[in-house]
1. Starting from the range 18-33, take each residue that is closer than 12 Å to Thr4 by Cα and list its partners that are assigned to a strand (DSSP E or B) and at pLDDT 95 or above, counting only C-beta distances under 8 angstrom and pairs at least six apart or across chains.
2. I need the strands (runs of 3 or more DSSP E) fully contained in the range 1-117, keeping only those with at least 2 residues that are exposed (fewer than 13 other Cβ atoms within 10 Å of the Cβ).
3. Among the residues of the range 110-130, which ones are over 17 Å from the mean Cα position of the chain (by Cα) and within 23 Å of Thr87 (Cβ to Cβ)?
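The values are calculated or read from the model by the stated rules, or taken from the named source; none is laboratory data. Owing to the predicted nature of the structure, the values given are computational and were not obtained by experimental measurement. Glycine also receives a Cβ, built like all others from the backbone with ideal geometry; neighbour counts cover every protein chain displayed.
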Amino acid sequence: MRTTVEISYAGGKKVNALIQDHLIPTDQSPEDGGEGTAPDPSQLMLAALATCSAITAKAYCEVKGIPTEGLGFRMVCDYDQDAGRYTNIKMVLNLPPLFPEEMKPKLERILDRCFVKRHFIMPPEFEVDFQEK
């Protein structure tokens, strides 16, 4: 299966991505020459990881018959200016009151199955193909 993402430039530092029928706008922050009207690509990367992990945690609870009321998820991400990358990503789960203590280690392993996180753990190969019009 192949997925294609089409990019269009929308003026200034705005770049749009079209994936399937979804248009995803991005913009750079004012500090980086943009207007800050949309998330920047690194914010979308973090949002993709967080939402994928959160839905994976919710699905695990549902499969195990654990009520998801009270389930919460957030990520705390440490960015290293010198390295120019995130060096630590901490996933913080607020578990439902009835979540069994003995299932926490299994849930932690299940979070590694998140589609996005798997691409961090086992990155794909990248290619660049130059085409002339």
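1. Leu18/Val5; Leu18/Glu6; Leu18/Ile7; Leu18/Ser8; Leu18/Ile24; Ile19/Val5; Ile19/Glu6
2. By residue number, 5-9, 22-26, 72-80, 85-94.
3. The answer is Phe126, and nothing else.
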